[in-house]
Amino acid sequence: MTASAFGWFLCAIALPVAAAPEGGPERTRLVVEALRAVPAGASMGSSAFAQVDAFFDFDAFAADCLGASASKFKPAERAEFQRRMAAIVRGAGYLSGGVSLRSADITYQEPRSRKGGTLVNISVRFPNEDAGATFGFLWGPNGRVVDLELDGVSLAADTRNQVARIVAKGGPAELLRRLDQRLRAIATPGR
């Protein structure tokens, strides 16, 4: 897999196995190992998916993705947005992320404070392709991933910008329709 394929994992959206209350290098190693362990073709209901799910705070991620647009959503629409975003991250990201990470050389960088949490970047090199990228896991105070970064760009911020444009033009219903399209595309590979 290429860096862009793993990038898709982060952009597909877009998360406590260890009991530590905060994130850091060891939790990052654990989530990377959990992703590497997701077998090709695993289903969303598999135990491998559940292992990765335990590291992510999907509610916090989805709330960050909505940003100021959240005020335009009814509670049921907001809940549906959160459910669909989690399904997109899981469906598009876990499989491609795991495949990509299995073939990569990974270097863990020192943690740093960011947005009230702890950001741990990993440098990923794909030796057979002479390609690489930097991926970041932003750990919230609850010890779960609340955002992902690709080469320093926040997935939540990028998604928030897209959400704002779509909601401004078509409202929450248009955003939910587009998320449905994305989910159908994930369910039908090669589409």
Review point. log10 I(q)/I(0), Debye, Cα-only the chain, no solvent, q = 0.08, 0.10, 0.16, 0.18 Å⁻¹?
Key: -0.24, -0.38, -0.99, -1.24
Exercise for review: Note down the net charge around I122, summing +1 for each Lys or Arg and -1 for each Asp or Glu among other residues with Cβ under 11 Å from its Cβ.
Suggested key: 0
Exercise for review: Among the lysines, select those whose C-alpha is under 27 Å from the C-alpha of K169, and discard any that sit fewer than 8 residues away in the same chain.
Suggested key: K72, K74
Review point. In a shell of Cβ-Cβ distance under 15 Å around A157, excluding A157 itself, what net charge do Lys and Arg (+1) and Asp and Glu (-1) give?
Key: -1
Review point. Dipole of the chain, Cα-centred, from +1 at each Lys and Arg C-beta and -1 at each Asp and Glu C-beta, to the nearest 20 debye?
Key: 680 debye
**Study point:** Dimensionless Rg/Rh of region 40-91 - Kirkwood Rh, Rg from C-alpha atoms
**Key:** 1.05
Exercise for review: Can you spot the aspartates and glutamates whose alpha carbon is less than 12 Å from K115's alpha carbon? Ignore those fewer than 8 places along the same chain.
Suggested key: D64, D147
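Computed from the coordinates by the stated procedures, all read-outs in this text should not be read as laboratory data. Fair warning: this is a prediction, and the values are worked out from it, not measured in the lab. Methodologically, a virtual Cβ is constructed for each residue, glycine included, from the backbone with ideal geometry; neighbour enumeration extends over all protein chains shown.
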